[in-house]
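Each remark here refers to the structure printed beneath this line.
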Amino acid sequence: MTYAPADFSNIRSLIIDMDGVLWQGDAPFPGLIEFFNTLRNKGITFVLATNNASHTPEQYVTKLEKMGVKVGLREILTSAMATASYLAERYTPADTRVFVIGEDGAVQSLADQGFILTDVCQFTDPEEAKYQLNADIVVSGKDRSLTWDKLATATINIRAGAAFYGTNGDTTLPTEFGLIHGNGAILAALETATGKVPIIIGKPEPTIYQQAMAILGADPGGTVAIGDRLETDILGAVRTGIPSIMVLSGVSTLEDLKTSAYQPTWVMKDIRDITDALNATA
């Protein structure tokens with residue numbers, strides 16, 4: 001894989017995707033430790049920004065530590081965190097009821113902002129249902145414990161007028177077993193049932209990149225995004241106005257690039273190539 005080391009001399013900050021870039025499932029990619037050592041040695045600041053809303057920052061810190069890499073909580077930004085922050089700027093959390101389809105990451109992020117979280121309706125007691133089916137907002141993220149009751153609770157709330165948000169629209173998620181369905185599949189079911197289109201906060205919308213740059217105190221000229229998906233990571237960078245590196249270790253391929261209306265600034269095989277390019281730059 002070719003690259004232009006001289007072009008990397010302007011890189012001061014990186015916004016780095018995780019699934020498909022740093023690992024697949026629980027399997028770290030080769031060169032992970034060397035990659036982060038290079039960033040630390042060169043003083044390149046970074047935020048690990050993922051569309052995966054299921055985990056908390058603490059869980060990501062622990063996952064990376066098990067892989068031999070130490071990062072701080074402020075170096076993690078999930079689409080769940082971005083969504084909670086976005087909503088907190090537009091609603092009064094203490095007065096806003098939110099029903100969440102999601103795991104720890106989505107639930108904790110909204111709770112940390114002070115939103116009132118409503119429970120899933122079991123549809124056995126009409127009086128209880130009245131209380132559970134009056135959310136102001138429905139937020140959907142990846143949920144491995146998805147049930148009919150959760151989908152029904154979200155559907156009724158949305159049809160009754162609740163605002164509809166998706167932490168991300170990823171239709172698939174790379175794992176060590178292959179591609180599986182992502183949050184986009186859940187959103188598609190709810191959109192079909194309600195006729196309402198969700199507002200997406202994660203990539204390819206620029207919101208998460210803009211929040212990451214705010215955390216870093218970085219400017220677009222010295223910031224580069226790294227990702228493996230054309231339709232989210234790379235398109236998000238294009239919409240934000242920052243350069244990008246697409247790695248071929250995840251979802252998108254060279255064949256995908258041939259028919260894409262937008263392109264990454266650089267294409268590299270994996271994080272080992274990025275490490276080599278950074279080390280070749282004075």
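The values are calculated or read from the model by the stated rules, or taken from the named source; none is laboratory data. These numbers were taken from a predicted model, which means no experiment stands behind them. Using ideal geometry, Cβ is built from the backbone for each residue, glycine included, and neighbour counts are taken over all protein chains shown.
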Filter the helices (runs of 4 or more DSSP H) completely within the range 203-282 down to those with at least 3 residues that are out of contact with any Phe, Trp or Tyr (no Cβ under 8 Å at 6 or more places or on another chain), more than 15 Å from ALA49 (Cβ to Cβ) and not assigned by TED's automatic domain parsing to the domain that holds GLY184. 254-258
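Tell me the residue from PHE123, PHE115, PHE99 that is aromatic (Phe, Trp, Tyr), on the phi > 0 side of the Ramachandran plot and surrounded by 15 or more Cβ atoms within 10 Å (Cβ to Cβ), please.
Of PHE123, PHE115, PHE99, the one residue that is aromatic (Phe, Trp, Tyr), on the phi > 0 side of the Ramachandran plot and surrounded by 15 or more Cβ atoms within 10 Å (Cβ to Cβ) is PHE123.
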Single unsatisfied condition, THR153 versus (1) surrounded by 15 or more Cβ atoms within 10 Å (Cβ to Cβ); (2) within 25 Å of ALA49 (Cβ to Cβ): (2)
Restricting attention to the range 164-188, and to residues there that are part of a strand (DSSP E or B) and in contact with a Leu (Cβ under 9 Å, 6 or more places away or on another chain), which single residue is surrounded by the most Cβ atoms within 10 Å (Cβ to Cβ)? GLY166
The lone condition SER54 fails out of (1) touching a Lys or Arg at 6+ places or on another chain (Cβ under 7 Å); (2) under 16 Å from LEU216 (Cα atoms); (3) not acidic (Asp, Glu) is (2)
Got a sec? Which of ASP233, ASP256, ASP219 is within 16 Å of the chain's Cα centre (by Cα) and of a type in the set (D, E, K, R)? ASP233
Which is on the phi < 0 side of the Ramachandran plot and surrounded by fewer than 22 Cβ atoms within 10 Å (Cβ to Cβ), of SER244, SER252, SER260? SER260
Given the structure, is GLU58 in contact with a Phe, Trp or Tyr (Cβ under 9 Å, 6 or more places away or on another chain), acidic (Asp, Glu) and within 30 Å of ASP276 (Cα to Cα)? no
Please go through the range 41-54 and pick out each residue that is more than 14 Å from ASP17 (Cα to Cα) and either of a type in the set (A, V, I, L, M, F, W, C) or under 15 Å from the mean Cα position of the chain (by Cα) (or both). ILE44, SER54
When residues of the range 95-146 are filtered for being of a type outside the set (S, T, N, Q) and assigned to a helix (DSSP H, G or I), how many remain? 14
